[in-house]
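What follows is one structure encoded as C-alpha cells, with my remarks underneath.
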Amino acid sequence: MNQLMLIGGQRVPASTGRTLPATDPFRGTEIARVPDASPADVADAVAAARAAFDGGWSTTPGVRRAELLHRLADLLVERAGEFARLETSDNGKLLRETSNQARFAARNYRFFAGYADKLYGRTIPLDSPETLDYTTAEPIGVAALITAWNSPMQLLANKLAPALAAGNCVVIKPSEHASLTTLAMADLVEEAGFPPGVVNIVTGGAEAGQALSGHPGLDRISFTGSVPTGQAIATAAAKNLVPVTLELGGKSPNIVFADADLDRAVIGAVAGIFAAGGQTCIAGSRLLVQDSVYDKVVAAVAERARAIRLGDPMLEPTQLGPVANRPQYDRIRRAITDGAEGGAVALTGLEPLADPELGAGLFVRPTVFAEVDNASPLAREEIFGPVLSAIRFSDEEEAVAIANDSEFGLASGVWTNDLTRAHRVAKRIVAGTVWVNTYRSSAAQAPFGGTKKSGYGRERGAEALSEYLTTKNVMIDLSGTSGDPFSIRT
C-alpha cells in the first residue's frame, strides 16, 4: 500500500516516484511504501506553508485556532485504536503503550488549544509619561517539525500543538523508520478543518531531512532524535540563522538510596529501562545503587528482567516487543557484546532466544549488567535499548558526582524516603527532569527538555509556546511634538 504526503492541502507522492519500505519489526514483513521526498518536494512544502501563513493563518483569531485543535484532539481520540495499531505495526511498541500515547497526544492538543486565545503581551512604563510602550506575542512563521521513530504520535503532538496554537504553519518530517501515523494525521488535519498549507507532511530519508533543515525559508526547527543528527541540523540551520529546538539523547541516572522503599524502587528501575524496550531518550539506563543495598536491589531487578514476557506487541500479555528497526537492533547487539567482553558482569540477557513464537522479530532480551564502571562505554554511550548498567555508590556526594559525570542531561530519578535529601539531590543533578520516587511520568502541563548533549529548548508546558512565538515591541509618542532630531527620546 503506497502512502501519500500532504503538501498545500494536496495528497501527493514523491515527485521522483521514489518510495521507502515500512516494515513490521515483529513479522519482518513490508506493510506499506512511503514517499521518499526530493529537495524539490521539500521546497514545495515550505512554500505552501509560507503561502498559508501569509495568506491568513497568521491572523486567524486564537479562538478559531483553539476550536480546530480541540477538533483534532476529538478525532484522534475517536480513532485512537486505529492509530495505536498502525504505530505498533510500524515500530513494534506495545499496543497498550501506543494506545496510551494516542490519548496523551490528544491531551497535548487540548492543553495548547487553551493557550491559543491567551497569548498576551504587556504594557511597559517608560521614563517618559508621553510615550506608550507595549509588546505583542506573535507567531514566528514557518516551523519544521522533525520527529524520531520511537514515539511518532507523542513526539509530533509535543511540537505540532504549540506551533499551531501560536499561529504558525508547519512542515512535518517523521523518521523514515516510522512514518505511518504521521501520514495518517493528514486525514485528521483535513477533517478538523485546518486550511490547506497550514500543516504539510513530507517523508523520506537523509536527502529530504537535509533539504528541510537547510532550507532558508524556515523560521524555526524542532528536532527530536540522535545527537549526531541534531548536530548536523543545528549546523545547517546556523547557516541561515534559523533557531533550533533540540531534544536529543540521554544516559539518565536512576539513583536508589538505602533509605528508599526498595520494592517500589525496583519496580521503578525495571520500568525506567525496560518499558518501551529502552527505546526512549529518558530511559533510566544507569542504575545507581547505594552500597549497603546494592546486591539486594540489583538481584531483584535482574530477577524481574528475566521474567519479562517477550512477544507479539499487539497482544495484551506481552511486556516487551521487538526493537523498532534493523539498524537499531544491530547497534544494541554490538553494545551488549562489547559490554560483556569489556568485563561487566551480565546477570541476564545473554541467554539465546529459542522461542519459536518470536519468529522473525527483532528481539533483544532484557539485559542487566552489574559492577559497571561509569567510565565504560556501557555507562557513557546511549544504547537506546533494553540494557541496564548497575553502578555502586557509597554516599550522596558520590551519587551526585556519578550522576553528573555524563555528556547528557535529560532525565534522572531519585528514590529516597528522606524529603530533605530528595530536595538536595534534585537541586544538584544536572538534568532537565528529576523524578522522585517515580519514573517516566509525563504531563502536558510539565515542561520537558534537556541540557548538555541532551539538547536545548523545552517541549510541553507553557514553556513550549515560547519556542514558537516572537516578541514585538511597539512604542508610540503621545506628545504631539517633533522634539530634537539628534537626541533619543526615553
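The values are calculated or read from the model by the stated rules, or taken from the named source; none is laboratory data. In this text the structure is predicted, and so the values were computed from the model without any measurement. Note: ideal-geometry Cβ built from the backbone for every residue, glycine included; neighbour counts use all protein chains shown. Note: accessible area is taken over every heavy atom of the protein model, side chains too, but ligands, DNA and RNA are not part of it. Shrake-Rupley method; radii C 1.70, N 1.55, O 1.52, S 1.80 Å.
Key figures
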| quantity | calculated |
| --- | --- |
| Nearby aspartates and glutamates by direct alpha-carbon distance to Lys472 (threshold 13 angstrom, same-chain neighbours under 8 apart not counted) | Asp133, Glu138 |
| Mean separation of Cα contacts under 8 Å (6+ apart) over length of the chain, as relative contact order % | 18 percent |
| Fully extended contour minus Cα-Cα distance, from Asp484 to Ser226, at 0.36 nm per residue | 87.3 nm |
| Accessible area of region 56-153 divided out per residue, in Å², using a probe of 1.4 angstrom | 41 Å² |
| Electrostatic dipole magnitude of the chain [Cβ: Lys, Arg +1; Asp, Glu -1; Cα centre; debye, to 20] | 320 debye |
| Exposure of His423 as accessible area (Å², to 10), given a probe of 1.4 Å and all protein chains | 120 Å² |
| Simple Cβ-charge dipole of region 143-264, Lys/Arg +1 and Asp/Glu -1, about Cα centre, in debye nearest 20 | 400 debye |
| Global form of region 121-171, assessed from the alpha-carbon gyration tensor, a/c cut-off 1.5 | prolate |
| Cα→Cβ-extended label distance, 7 Å offset, between Glu78 and Ser441, nm | 3.4 nm |
| Set of lysines with alpha-carbon distance to Lys239 below 18 Å, sequence-local pairs under 8 removed | none |
| Accessible-area ranking of Leu350, Leu419, largest first, probe 1.4 Å | Leu419, Leu350 |
| Region 1-144: projected area of the alpha-carbon convex hull, averaged over directions, in nm² | 12.3 nm² |
| If the convex hull is drawn through the Cα atoms of region 77-153, its volume per residue in Å³ | 133 Å³ |
| Surface accessible to a 1.4 Å probe, Arg50 within the full protein complex, Å² | 70 Å² |
| Whole-Hz ³J(HN,Hα) from phi, Karplus 6.51 cos²θ - 1.76 cosθ + 1.60, for region 77-82, glycine and proline x | 5, 4, 10, 4, x, 5 |
| Computed over region 128-194: relative contact order in percent, which uses C-alpha pairs under 8 Å that are six or more apart | 36 percent |
| Hz values of 3J(HN,Hα) by residue in region 88-99 - Karplus curve (6.51, -1.76, 1.60), Gly and Pro given as x | 4, 5, 7, 10, x, 6, 4, 4, 5, 6, 5, 5 |
| Gap separating the Cα centres of region 392-407 and region 200-242, nearest whole Å | 35 Å |
| Compactness index (Cα Rg / 2.2 N^0.38 Å), region 262-331 | 1.22 |
| Candidate lysines for bridging to Lys251, where Cα separation is under 29 Å - those fewer than 8 sequence places away on the same chain excluded | Lys93, Lys159, Lys173, Lys296, Lys427, Lys452, Lys453 |
| Accessible carbon and sulfur surface of the chain relative to its total accessible area, %, 1.4 Å | 53 percent |
| Glu397 paired with Ile267, simple spin-label distance in nm, labels 7 Å along Cα-to-beta-carbon | 3.5 nm |
| Percent of beta bridges antiparallel (DSSP, region 247-392, rounded to nearest 5) | 20 percent |
| Accessible solvent surface per residue of region 351-404, calculated while the other protein chains remain in place, 1.4 angstrom probe, Å² | 41 Å² |
| Positive-pole candidate from Gly321, Pro195, Leu160, dipole of the chain, charges at beta carbon | Pro195 |
| Longest DSSP-loop-exposure-free segment, chymotrypsin sites (Phe, Trp or Tyr not before Pro), the chain, at most 12 other Cβ within 10 Å | 121-485 |
| Integer Hz, Karplus 6.51/-1.76/1.60 couplings in order for region 296-312, x for Gly and Pro | 5, 5, 5, 4, 5, 5, 4, 4, 5, 4, 5, 8, 5, 8, 8, x, 4 |
| Rounded D (µm²/s) - region 343-406, Kirkwood Rh over Cα pairs, Stokes-Einstein at 20 °C, 1.002 mPa s | 158 µm²/s |
| DSSP bridge pairs, the chain: antiparallel proportion in percent, nearest 5 | 45 percent |
| Global form of region 64-107, assessed from the alpha-carbon gyration tensor, a/c cut-off 1.5 | prolate |
| Efficiency of FRET from Cβ geometry, Asp295 and Leu358, R₀ 41 Å, rounded to 0.05 | 0.80 |
| Among Phe257, Gln445, Ala236 - extreme Cα towards positive end, dipole of the chain, charges at beta-carbon | Gln445 |
| Residues with amide H under 5 Å from that of Trp435, placed H, sequence gap 5 or more | Ser412, Gly413, Val414 |
| Charge sum, other residues only, whose C-beta stays under 12 Å from Val387's C-beta, Lys/Arg counted +1 and Asp/Glu -1 | +3 |
| Amide hydrogen neighbours beyond the local backbone of Ala22, cut-off 5 Å, H modeled | Ile31, Ala32, Arg33, Val34 |
| Cα-based Kirkwood hydrodynamic radius, the chain, one decimal, Å | 23.8 Å |
| Computed label-point distance, nm, for sites Asn404 and Arg11 using a 7 Å Cα→Cβ extension | 5.4 nm |
